[in-house]
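What follows is a single structure, written as C-alpha cells, with notes after it.
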Amino acid sequence: MSWDDKLLKQAKKIIKLYPQKRSALGPLLHLAQSKDGYISDDSITVISELVGITEVQVKSVSTFYSMYKQEPTGKYLLSVCKSISCEINNSSEVINKVQEFTGLNNNETDEEELFTFEAVECIGACGGAPAVQVNYETVEGVTPENAINLCKWLKETKPDVVVADEMQENFGGIKSFDWAIQDNSGATSTAPGFQTLKTTKVKK
Amino acid sequence: MSEKVNLNVNGIEIESDPNKLLIEACEDSGIHIPRFCWHKRLDPVGMCRMCLVEVETPRGKMLVPSCTTEVSDEMVVDTESDVVKKAQEGVLEFLLINHPLDCPICDKAGECPLQDQTMAYGPGESRFVEEKRHFEKPINISEIILLDRERCILCARCTRFSDEISGDPLIEFIQRGNKTEVNTFPNEPFKSYFSGNTVQICPVGALTSTSYRFKARPWDLKSTRSTCNGCSMGCSIELNSSQNKMLRILGVDNDAVNQGWLCDKGRYNFEYLNSDSRLKTPLKKIDNELVEIEIQEVYSELSEVIKDRQTKVTFLLGSNLTNEDYVAFREFSEIISQSEKSFYLNDDKLHPGLFGENVELAKIDDLNSSDAIVVWAEDLKEKIPVLYLRIRQAVKNGVKLVVFGHTNETLSDIADVFYGKETVSENFEIVKDISKLKEIKDLVIGKNITAILGKSTPHQSDTSVTKLFEFLNSNSNSKVLNAYSKGNTYGALQTLENVKGLNNFVNDISEENTDLLFIVGADPIGRSVYSNQIKSIIEGLDTVVALDNFNHETSELANFLIPMSSTLGEKEGTFTNIEFRTSRIDKLVPSPGQTVSDWEFITSLMNFSGLTVETNSLESLNKKAYENLDYSLSPVFDNLDKPSNLDGMVNISKPKISSSDNNSNEAKFFIGEKLYGDSTTERHSDSISLLGSKKYIEVSEGVVEKYNLTSGKCTLIQDELEVTVSYEVNKSFPNDLIYIPTNRRELNKFDFSREIMIIPSVVKEALNVN
Ligand code: SF4
Ligand code: SF4
Ligand code: FES
Ligand code: FES
C-alpha cells in the first residue's frame, strides 16, 4: 500500500460515515487527489482494497468525473469557465489569452509542470462571470487582461499557496454574492475527503 | 400468483404477467422488438435505445424504451409506428457513426445483431462524414479474449455479465461520453472462469476469442445441439463445425440448467479434438513397444482371453462416457463374468452419497425456491462452475447461503455465514455442536433448505457429511443435491449398480481377482492421488485394455490401446446430470482414423466372440438403459428428440454405490482440483493450456511458521520425488492444513497418507550450491 498511516486513518474515518463501504468512493478519490494532485493507479489499488470492489470499478468511477485528474497537473491548475454565463461575458477571449500565454491546449500541462490549462463547465460563479479557478480557488469578473496578469503573477512569484480572496482583490472584478460567500476556501469545504490541494492555504 | 394484465400491442390484445418488462411481454407473444443492450438474463439498463416503442399516456403517445418499462393493465403500445421507425433509424445512424466498416474481417459478420438490425430497421445511409473514433485494434484483455473497442457499441452486456452473473467485475466502462471504452485495469487481465460468455452475448464483434477468431463464417457452420460433459452440470450447448472440424461451442439457454451460460473450460476444452496427437489406430504392446495392429486382431486376441477362462473382468471407467457406453459395458460384464461385477469410476472422492430412504433429492431449481442453501462439498466454482453461478443467482434473489469450510471460499464473499477453521477441523470434521451455532438457528432451523453435500477431499470421512445431513434433515425441510462433480457420474451411477471409486480400486484389485482390466477414458496414474498404487496394480495384471483419445501415463501400460471417439461431438448418446436430468449428446464431426465408440468396440468384441447380444445398436442400448421406466416418461431418443424435451428429462432414481471410506483418515492434506489442470485433453487444447496449471499449494499461517517459509517458493520432498512449487498463505485455514491441487502433473504422485517434507526453496538452492 502506498498510502501512509495518516492518510489511511483519514480514509477509514471517511468510510465509517457511510452505511456501505463503496459509497465512500467519491470522497476517497478526492483524498487520493489531495495526496498526488491526481488519481494514481496506486491509489486506485489502495481504494479498491479499502472498499472491497475491483480496481477497474474504481477506475471506472474516477475516469467518469472530469474533476478527478487522470494525469498529474502542473503546480497551478487553471480552470477557465466556458459555460453560458461566462461565454456571454467574453470568457472565450479569456480562454484565448490564457492559452496564448501558456501555450497550452485544453487539458495540457507545460514542460516545467507549472501550468495545466482546462476550459471547464460552469463552476457556480455565474453571477461573477467570467470566472477562473486556480487550484479550485475561484476568481470572478476576470477580464482578458487580468487573466494574463494573473498568469504572469503566478509565473513570476510562484506562490506556494494561492488564496481566492487575495487573487480576487488583485485580478478579479465584480463578485457574485458578496453577501453570501463567507467561506474563503474556494470550491472546497471542510467535509471529510473534500481536501484542499496542497497549494491552498488552510482556512483560518 | 397475481392476476394477468392485458395490453394492446399493434392492435393485438396480449396477456402478460404483471411486473414483466414490455420487451419481454411482447417477445412472449411473438412480437419482436429490436434491442442491443437488453438480455433476458441480465438486469435492464436502457443503454442503447434500440427498443423504443410508442406508448399511449395521458399526455399523448410517447416514445419509451421497452426494456425498462414494465407492463401495466390496458397499456396501448405501438412497436411499428412511423415515429418508432424514425427513432430506430436514428438510433442506428448514431450507433454506426463510430462503428468501423469491419464486417468483411469480423468474426461476428453473418450472425451480428448490429448487421441484422441495421438491415431490418436501419436508415440505409449515413450523413456522418467526420472521422470515426479510433482505438488500437484488438487488445488482449486475457489470454483467450480480445477486445476491439472500435467495434464496441457500449451496450454494457459484458460488464453487467461480469458484475451480476459471474461476480468478477474485471472489465468496466472507462472514461465518459465520446471517450467511453470497455477496458480492464492495467495489469489486471479479465481472468474469469466465465469470460467466454461475454464473447457470446456481445451484440457486435467487439469481443472475440482467440479460439474461434478468423476460423469460419457463420454461414459455413454446421451445428447441432448437445450436452457438455465437462462436469456433472451437463450444460446445454450448441456445437459448431466447419469442414468437419469442431470450431466452437456456444451456450444454449436451458432454463433449468445453465440458462445460457457456460464455463470457459466447457466452452474451449474441445480443441483437443483437432489435435494431431490423437490416437487413430489400435496399438498392441509387443516387447514393450506399442505397434499398430488391425482392430480385427484385437478382437480375435481378446476373444481368446474371454473364451479361455471364466474371465474375471474389471472395469475402470472414466466419467466422459455416454449412458449407452455404460450400459454396453454392463451387458458385456453380465454375459462374460459370472463373478460379482466390478465397476470402478475414475474418482478419488466417490462416496456412498446421500441416497437413503430419508433423503429427498433436490433439483437445481430448488436453489431458487428454498429459504437457504447449505454447502459443504468440493469447491463448486472449480468443479461445477455453472452450479456456482446458479447459487450466486439464488443469493441475488434473496436466498440465504451457509457455507462450511475449507472449500468454497469464493462463495464466502456472498455467504451469509462461512464456517471456517473455528468450526471445521483440519480433518474436515465439524467440531462444534451444530445446533448451537447461532446463524444455523436463524437461517436453517424450520426452514426450506437445499443442501449441496459431498466430500471435500478424499480423506474426509463419509460420516462427517452424514452428520451434517442428519442434523439438517431432522431440523429443517431439506433436500439434497449430492455433489459428485465429474462428467457423466450420474449416468454411470444410474446405469451401473454398486460402483466404487478409486479409493476402493486400490484395496480390491489384484491379479487374483482380475484377468482382464478395461480402462476406459481414464488416466488415474496421471490424475489420481492413488497414482502409485494404481500403477503397481496395473503392472501386475495379465491383460489390460485401454480405450482413450490419447496415449497417456495409464494407457502406456496397457497391452492393447484402442483409439476412442470423443463423447464431445463425435458420438451420439445421452448424458445424465447432477439432478438426474438426462439429455442428448449429439454427433457433429466424424471421428478421426479408426477411432470407435466405446459401445461399438465392446459390442463388436462380443459379436466377434460369438456371444449373443440383443443390445447391438445404439438405440437398443438406449432403450435398455431405461427399460424399467414407463416408456413415455423415459429419456429414450424418441422422447428426448421431441421439441418439448430438448432441455432433457428428469428421472430421479436413487443409485446404489458400494464405495467405502479409505482408512487413512488422518488428513494432513487437503486435496482438491482446480478448474484448469494439465490432463491430456487440457494440454491438447490451446486455449485451456494457456490458462495455466501453475504448480502451487496453499498453506495455513501455522505451516508458514513451522517450515520457515519466506521466499514464496518451497520444495515438497518424499522419497525420490521432489517438486518445487510456489505457495500462497490462506488465513482461513486451520493449524497445519496444506492444500494441494492434484490436477497438476507430479503433484498427484505423492503418497498423501505419509509425511511430505517441506523445505523453503532458498535454503534448498543454497544446499545445491554447496
Ligand atoms: S464489448 Fe460488446 S458486450 Fe461489451 S459493451 Fe461493447 S458491444 Fe457491449
Ligand atoms: S459447468 Fe460443467 S457442464 Fe457446464 S460448461 Fe462447464 S464443464 Fe461443461
Ligand atoms: S457559467 Fe461560468 S461560472 Fe457558471
Ligand atoms: S434494449 Fe432497451 S435500451 Fe437497449
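The values are calculated or read from the model by the stated rules, or taken from the named source; none is laboratory data. Because the structure is predicted, anything quoted here is derived from the model rather than measured. Here the Cβ is made from the backbone with ideal geometry for all residues, glycine too, and neighbour counts use every protein chain on show. The protein model used for the area step is the full one, side chains on, heavy atoms only, and it has no ligands, DNA or RNA in it. Shrake-Rupley method; radii C 1.70, N 1.55, O 1.52, S 1.80 Å.
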Take B:LEU302 and decide whether it is away from ligand 1 (no atom under 16 Å from the Cβ) and closer than 30 Å to B:LEU675 by Cα.
no
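How many of the residues making up the stretch B:1-54 are among the aromatic types (Phe, Trp, Tyr) and either open to solvent by less than 10 Å² (accessible area, probe 1.4 Å) or touching a Lys or Arg at 6+ places or on another chain (Cβ under 6 Å) (or both)? Break it down stepwise before answering.
First pass over the stretch B:1-54, keeping only residues among the aromatic types (Phe, Trp, Tyr): B:36, B:38.
Checking which are either open to solvent by less than 10 Å² (accessible area, probe 1.4 Å) or touching a Lys or Arg at 6+ places or on another chain (Cβ under 6 Å) (or both) leaves us with B:36.
Here the count works out to 1.
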Residue in the stretch B:49-98 that is nearest to ligand 1 (Cβ to nearest atom), counting only those that are over 38 Å from the mean Cα position of the chain (by Cα) and in a loop (DSSP other than H, G, I, E, B):
B:THR79
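Determine whether the stretch B:569-584 contains at least one residue that is hydrophobic (A, V, I, L, M, F, W, C) and open to solvent by 10 Å² or more (accessible area, probe 1.4 Å). Talk me through it step by step, then tell me what you get.
So in the stretch B:569-584, the residues hydrophobic (A, V, I, L, M, F, W, C) come out as B:575, B:578, B:580.
Adding the requirement that they be open to solvent by 10 Å² or more (accessible area, probe 1.4 Å) leaves none.
Checked the stretch B:569-584: no residue is hydrophobic (A, V, I, L, M, F, W, C) and open to solvent by 10 Å² or more (accessible area, probe 1.4 Å).
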Being more than 9 Å from chain B (Cβ to nearest Cβ) and charged (D, E, K, R) is the filter here, so list the residues in the stretch A:48-80 that pass it.
A:GLU49, A:LYS69, A:GLU71, A:LYS75
Would you be able to tell me the number of residues in the stretch B:146-190 that are part of a strand (DSSP E or B) and of a type in the set (S, T, N, Q)?
1
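Looking at the stretch B:504-540 only, could you name the residues that are β-branched (Val, Ile, Thr) and in contact with a helix residue (DSSP H, G or I) (Cβ under 8 Å, 6 or more places away or on another chain)?
Listed by number, the residues that qualify are B:VAL506, B:ILE509, B:ILE519, B:VAL520, B:ILE525, B:VAL529, B:ILE534, B:ILE537, B:ILE538.
Open to solvent by 60 Å² or more (accessible area, probe 1.4 Å) and either more than 18 Å from B:LYS179 (Cβ to Cβ) or within 14 Å of another protein chain (Cβ to nearest Cβ) (or both): does that describe A:ASP42? Walk me through how you get there before you give the answer.
Values: open to solvent by 60 Å² or more (accessible area, probe 1.4 Å): yes; either more than 18 Å from B:LYS179 (Cβ to Cβ) or within 14 Å of another protein chain (Cβ to nearest Cβ) (or both): yes.
When the stated conditions are applied, A:ASP42 passes them.
Could you say which residue among B:ASP371, B:ASP416, B:ASP379 is under 21 Å from B:CYS235 (Cα atoms) and open to solvent by 10 Å² or more (accessible area, probe 1.4 Å)?
Values: B:ASP371 fails: under 21 Å from B:CYS235 (Cα atoms); B:ASP416 fails: under 21 Å from B:CYS235 (Cα atoms).
So the residue among B:ASP371, B:ASP416, B:ASP379 that is under 21 Å from B:CYS235 (Cα atoms) and open to solvent by 10 Å² or more (accessible area, probe 1.4 Å) is B:ASP379.
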Given the structure, is B:GLY46 at pLDDT 95 or above, at positive phi and within 16 Å of ligand 1 (Cβ to nearest atom)?
yes
Cβ-Cβ below 7 Å, separation at least six or inter-chain, first residue in the stretch B:619-633 and at pLDDT 90 or above and open to solvent by 20 Å² or more (accessible area, probe 1.4 Å), second assigned to a loop (DSSP other than H, G, I, E, B) and among the acidic types (Asp, Glu): which pairs?
B:SER620/B:GLU614
Test: B:LEU516 is open to solvent by less than 10 Å² (accessible area, probe 1.4 Å), at negative phi, of a type outside the set (Val, Ile, Thr) and in contact with a Gly (Cβ under 9 Å, 6 or more places away or on another chain):
no
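Taking the stretch B:211-256 as the search range and keeping residues that are of a type outside the set (A, V, I, L, M) and within 16 Å of ligand 1 (Cβ to nearest atom), which one is most open to solvent (accessible area, probe 1.4 Å)?
Keep residues of the stretch B:211-256 that are of a type outside the set (A, V, I, L, M), which gives B:211-215, B:217-220, B:222-232, B:234-236, B:238, B:240-245, B:248, B:251, B:253-255.
Adding the requirement that they be within 16 Å of ligand 1 (Cβ to nearest atom) leaves B:212-213, B:251.
Working: B:TYR212: 13, B:ARG213: 56, B:GLY251: 11 Å².
Result: B:ARG213.
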Residues in the stretch B:717-733 that are in contact with a helix residue (DSSP H, G or I) (Cβ under 9 Å, 6 or more places away or on another chain), part of a loop (DSSP other than H, G, I, E, B) and open to solvent by 70 Å² or more (accessible area, probe 1.4 Å) total 1
With the checklist (1) within 14 Å of ligand 4 (Cβ to nearest atom); (2) open to solvent by less than 70 Å² (accessible area, probe 1.4 Å); (3) touching a residue at least 40 places away in the same chain (Cβ under 8 Å) in hand, flag the one item B:MET75 doesn't pass.
(1)
Between residues in the stretch B:17-42 that are in contact (Cβ under 8 Å) with a residue 24 or more places away in the chain and of a type outside the set (D, E, K, R) and residues that are open to solvent by less than 30 Å² (accessible area, probe 1.4 Å) and within 16 Å of ligand 2 (Cβ to nearest atom), which pairs lie under 7 Å by C-beta distance while being six or more apart or on different chains?
B:HIS39/B:ILE201; B:LEU42/B:PHE161
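Matching residues to (1) within 30 Å of B:LYS307 (Cα to Cα); (2) in a loop (DSSP other than H, G, I, E, B); (3) in contact with a Cys (Cβ under 7 Å, 6 or more places away or on another chain):
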residue	(1), (2), (3)
B:ASN616	yes, yes, no
B:ASN622	yes, no, no
B:LEU629	no, yes, no
B:ASP647	no, yes, no
B:LYS654	no, yes, no
B:ILE671	no, no, no
B:LYS674	no, yes, no
In the stretch A:13-26, which residues are in contact (Cβ under 8 Å) with a residue 12 or more places away in the chain and open to solvent by 10 Å² or more (accessible area, probe 1.4 Å)?
A:LYS13, A:ILE15, A:LEU17, A:LYS21, A:ARG22, A:LEU25, A:GLY26
Within the bounds of the stretch B:131-141, is there any residue that is open to solvent by 60 Å² or more (accessible area, probe 1.4 Å), without any contact (Cβ under 8 Å) to a residue 40 or more places away in the chain, within 11 Å of another protein chain (Cβ to nearest Cβ) and more than 20 Å from the chain's Cα centre (by Cα)?
no
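Tally time: how many residues in the stretch B:159-217 are at positive phi and within 14 Å of chain A (Cβ to nearest Cβ)?
Of the residues in the stretch B:159-217, the ones at positive phi are B:167, B:175, B:177, B:187, B:214.
Remaining after also requiring within 14 Å of chain A (Cβ to nearest Cβ): B:167, B:175, B:177, B:187.
Number of matching residues: 4.
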Return only the number of the condition from (1) out of contact with any Asp or Glu (no Cβ under 7 Å at 6 or more places or on another chain); (2) at pLDDT 95 or above; (3) open to solvent by 10 Å² or more (accessible area, probe 1.4 Å) that B:PRO524 does not satisfy.
(3)
Taking the criterion of being more than 16 Å from ligand 3 (Cβ to nearest atom), among the acidic types (Asp, Glu) and without any contact (Cβ under 8 Å) to a residue 12 or more places away in the chain, would at least one residue in the stretch A:98-109 satisfy it?
yes
Any idea which residue in the stretch B:251-273 is nearest to ligand 3 (Cβ to nearest atom), counting only those that are assigned to a loop (DSSP other than H, G, I, E, B) and among the acidic types (Asp, Glu)?
B:ASP253
Counting only residues that are loosely packed, with under 15 Cβ neighbours inside 10 Å, give me the helices (runs of 4 or more DSSP H) lying completely in the stretch A:52-141 with at least 2 of them.
A:84-88, A:91-102
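Can you name the residue in the stretch B:270-296 that is β-branched (Val, Ile, Thr) and within 20 Å of B:SER566 (Cβ to Cβ) and, of all such residues, is surrounded by the most Cβ atoms within 10 Å (Cβ to Cβ)? Can you show your working first?
Taking the stretch B:270-296 first, the residues β-branched (Val, Ile, Thr) are B:281, B:286, B:291, B:293, B:295.
Adding the requirement that they be within 20 Å of B:SER566 (Cβ to Cβ) leaves B:281, B:295.
On the way: B:THR281: 15, B:ILE295: 18.
Within the stretch B:270-296, the match that is surrounded by the most Cβ atoms within 10 Å (Cβ to Cβ) is B:ILE295.
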